[in-house]
1. Can you tell me which residue is most open to solvent (accessible area, probe 1.4 Å) among those in the range 89-116 that are farther than 18 Å from R172 by Cα and among the polar types (S, T, N, Q)?
2. Examine the range 152-168 for a residue that is among the β-branched types (V, I, T) and open to solvent by 40 Å² or more (accessible area, probe 1.4 Å), and state whether such a residue exists.
3. Could you please tell me which pairs satisfy a Cβ distance under 6 Å, a separation of 6+ or placement on different chains, a first residue in the range 24-51 that is over 16 Å from A107 (Cα atoms), and a second residue that is modelled with pLDDT under 80 and of a type in the set (A, V, I, L, M, F, W, C)?
4. Looking at the structure I just gave you, is R83 outside any helix (DSSP H, G or I), within 14 Å of the chain's Cα centre (by Cα) and either at pLDDT 80 or above or not polar (S, T, N, Q) (or both)?
5. Restricting to the range 100-116, give me the number of residues that are of a type in the set (F, W, Y) and either more than 12 Å from Y51 (Cβ to Cβ) or free of Cβ contacts under 8 Å to residues at least 12 places away in the same chain (or both).
6. Scanning the range 10-40 for residues that are of a type in the set (S, T, N, Q) and at pLDDT 80 or above, which turns out nearest to the chain's Cα centre (by Cα)?
7. Please give the number of the condition Q7 fails out of (1) at pLDDT 80 or above; (2) over 18 Å from Y78 (Cα atoms); (3) open to solvent by less than 50 Å² (accessible area, probe 1.4 Å).
8. Take the residues in the range 76-88 that are touching a Phe, Trp or Tyr at 6+ places or on another chain (Cβ under 9 Å) and surrounded by 14 or more Cβ atoms within 10 Å (Cβ to Cβ), then tell me which one is farthest from F21 (Cα to Cα).
Amino acid sequence: MSNLASQYVLRTLTAAALGIFLWRATQQWLTTPTLTLSLVIIGEVVTLAIYLSARPSRESRVNFTAVISTLAATFFFYFVVLRQGAVLAPLWLTATLQIFAILWQIASKLSLGRSFGLLPANRGIVTRGTYRIVRHPIYFGYLLGHASFLIASFTWYNLWLMCALYFFQVLRIVEEERLLKADPAYRQYMSQTKYRLLPGII
């Protein structure tokens, strides 16, 4: 199977998995329609739409670490407990954080445009929009959204799941940058945009 065919197979399988999650989340929402779950559903619909329109990569990184970290970070949502947990912060705060996280994700994905994908790949170096602030703004949006979801509906199970998720997200970032640093344009971008994930921190 060619690289291009493999990418389309992966895209189809991932879109199907996201669709199943959206169905599951919608069923839970019909039973318990919370604002938190509504925002999660909106965010995943946007992700699915942009992912389906992405262009094929010029170069991708397919090794054990890249594949495992991508699969873990992409499909962790199958294991998330969606039922209401303990409320650790006021709704106005968690809802505000989630709305900001979703808007940030949307802005970041629109900045990335058809360069959006899952496996570490070079689909063209993007430096506009939120990519002027950090090198991985989509992951920052995910982090903020996941954290706000957790404090809005806390369970110990979801906490440990999120810890495992961000272990794999870090591996994913390392693999992406290992590939992209081969491109002089990305090395120039790294010199201009110092922080990977959290502005002023890391």
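1. Restricting to residues being farther than 18 Å from R172 by Cα and among the polar types (S, T, N, Q), the top hit is T96.
2. No, the range 152-168 has no match at all.
3. Q28/L82; W29/L37
4. It is false that R83 is outside any helix (DSSP H, G or I), within 14 Å of the chain's Cα centre (by Cα) and either at pLDDT 80 or above or not polar (S, T, N, Q) (or both).
5. Of the residues in that region, 2 qualify.
6. Across the range 10-40, the extreme among qualifying residues is S38.
7. So Q7 meets the others, but not (1).
8. G85
The values are calculated or read from the model by the stated rules, or taken from the named source; none is laboratory data. This is a predicted model, so every value here is computed, not measured. Because the Cβ atoms are built from the backbone with ideal geometry, glycine has one as well, and the counts that use them run over all protein chains shown. These accessible areas exclude ligands, DNA and RNA; they are computed on the full protein's heavy atoms, side chains included. Shrake-Rupley method; radii C 1.70, N 1.55, O 1.52, S 1.80 Å.
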